[in-house]
Amino acid sequence: MSETGSARWWALGALSITLLVVGLDITVLNVALPTLSRELHASSGQLQWFADAYSLVLAAVLLPAGLLGDRFGAKRLLLGALAVFGLSSLACAYSGSPNGLIAARVGLGLGAAFLTPLAISVLTVLFPGADRRRALAMIVTANTLGIPLGPIVGGWLLDHYWWGSIFLINVPLIAIALVAVAVLLPDIPGTSRLSLDVVGVVTSSAGLIAITYGVIEAGQKGWGSATTIGTLTAGAIVLAGFVAWQRRYSHPLVDPALFRSRPFTGGAVLATALTFTMFGLIFVMPQFFQAVNGADAFGTGLRLLPIIGGMIVGTRISQRIAARVEARTLIVVGFTLVAVGALVGSATGADTSYLFVGIWMGLAGAGLGFTLPAAMDASLGALAPARAGTGSALLMAMRQVGGAIGVAILGTILNSVYRSGLDLSGLSPAAADATRHSVTAGAQVAAQSGSTALVENLRSSFTHAVSTVLIVCGVIAALGVPLALWLMPHRVPTTPADLSGTADPAGGAQQPEVAREQPLVFE
């Protein structure tokens with residue numbers, strides 16, 4: 001079957017299932033933490049590492065994974081990553097101790113670090129030209145849908161089965177993807193002349209780990225803590241060294257020439273800004289539904305469905321008009337919808353009807369559907385197949401860090417505004433400290449004391465905090481409009497161009513390499 005046949009779309013379906021599971025695993029653990037604390041006798045520090053082990057490994061391995069995919073070919077590494085992810089899911093499900101679960105989560109992060117950039121990188125080969133945007137919209141939507149689906153799936157499974165089921169559900173889906181990729185995906189050859197930039201791998205991994213860990217610590221201990229300042233400073237220094245090395249080395253891990261491409265730079269920056277906003281929305285709204293509306297884990301997940309529905313609608317509409325509308329127009333429309341949704345949502349009160357909440361969340365979701373596929377497609381359009389793995393890994397690393405920073409910064413704003421509105425008079429020092437720590441702990445204090453005044457104070461304080469965060473999200477999204485007009489060109493090329501260049505054998509200046517698309521044959 002030729003490359004224009006249906007086999008490539010079935011292969012894309014398998015990759016979409018894979019990235020749906022990866023997205024699901026980012027948030028599915030959130031609703032299970034109380035259960036894990038009880039069943040595994042995990043400390044608060046171990047509970048934090050259940051989530052952080054995944055995030056840190058993902059940040060560390062993304063760029064090397066992209067390079068290895070370019071070097072050895074995407075298919076064999078995708079198969080290996082699927083096997084690692086599936087086996088790690090089994091290990092998570094049957095972990096009998098906190099340390100065992102942390103180790104298994106490291107395996108999940110390792111598999112996800114390869115799956116995410118390589119699944120996206122093969123699109124530049126399987127779907128050249130206009131088909132790439134449709135394919136990218138499908139795979140990005142699947143990955144993004146997994147994030148809000150996590151609480152829904154996790155909440156339902158925890159209500160009906162044992163906690164290991166939230167990981168065990170991955171196994172059949174990964175098995176299907178493993179068979180489909182093995183049978184349907186053609187063997188995409190690597191570029192044997194690509195050298196391994198060991199210094200670049202070490203410095204990029206160390207810098208991304210430090211930045212990610214520093215942001216995580218900022219969310220836990222505040223931006224002024226010694227750990228936060230130290231790790232963020234160290235990460236910034238190491239990444240500065242990484243950039244300096246990339247400018248000097250003849251075969252860099254990330255070629256600085258990529259950033260001379262307006263489509264790549266614009267798409268990457270805009271996708272990162274949108275991820276910052278998206279993670280902020282998904283971070284605060286579940287807490288609002290639980291703390292203010294009294295929803296359980298499953299009910300909280302269901303209340304996030306308008307974001308999913310809006311995103312599907314936005315993606316479908318943008319696909320239909322993409323051939324007639326510039327990419328930057330789609331991005332501008334998307335950022336506008338997100339800004340309007342978030343700013344309207346800032347009027348949400350403790351007693352606001354869910355119809356109002358669902359409408360503005362649907363608008364924000366539609367904005368995600370307009371913007372994210374178009375921005376990422378613009379970046380991928382600047383990559384030749386030979387460097388698609390490294391380029392897509394860089395794009396995903398920027399989004400990963402952007403999302404982590406978004407949660408930390410917006411979480412700090414949320415906590416600061418929440419605490420400033422509390423009235424803790426009459427509470428014991430221990431009860432006051434617990435109430436300041438989180439609205440969930442405050443609700444427990446109020447329930448134990450039977451104080452209706454404290455309950456109302458908690459609801460009003462937290463609602464005001466959520467409104468403030470939504471205003472910040474709306475302003476950031478609004479700033480994305482002029483940013484898109486400035487960064488994105490009028491016309492985004494649909495044919496990849498290799499901007500990375502090849503080193504002159506004598507060590508001279510690099511010359512640009514013309515992208516060559518090799519025909520792929522599906523069995």
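The distance between label points at Val243 and Ser353 comes to 5.1 nm (points 7 Å beyond Cα on the Cα→Cβ vector). Look at the alpha carbon pairs under 8 Å that are at least 6 residues apart: their mean separation over the length of the range 262-491 gives a relative contact order of 38 percent. Axis of helix 305-321 versus longest Cα principal axis of the chain: the two differ by about 30°, to the nearest ten degrees.
Beyond 40 Å, what percent of the Cα pairs of the chain remain? Before the final figure, lay out each step's value.
Numbers: 27563 of 136503 pairs.
For the chain, the share of Cα pairs beyond 40 Å comes to 20 percent.
Helix 388-420 and the long axis of the chain differ in direction by around 10°, with both axes built from C-alpha atoms.
Take every Cα pair under 8 Å whose residues are at least 6 apart in sequence, average their separation, divide by the length of the chain, and the relative contact order is 22 percent. Ranking Ser461, Leu123, Leu158 by Cα position along the charge dipole of the chain, where only Lys, Arg, Asp and Glu carry charges on their C-beta atoms, puts Leu123 farthest toward the positive end.
Where nothing but the Cβ of Lys and Arg (+1) and of Asp and Glu (-1) is charged, how large is the charge dipole of the chain around its Cα centre, in debye to the nearest 20? Don't skip to the end; give the middle numbers.
On the way: 27 positive and 23 negative charges, 153 e Å.
Its charge dipole is roughly 740 debye.
Across the chain, the longest piece that holds none of the trypsin sites (Lys or Arg not before Pro) lying in DSSP loops with up to 15 other C-beta atoms within 10 Å covers 1-192.
Since every read-out is calculated from the coordinates, none of them should be taken as a lab result. Model, not experiment: these values are computed from the prediction. Here Cβ is always computed from backbone atoms with ideal geometry, including for glycine, and neighbour counts include all displayed protein chains.
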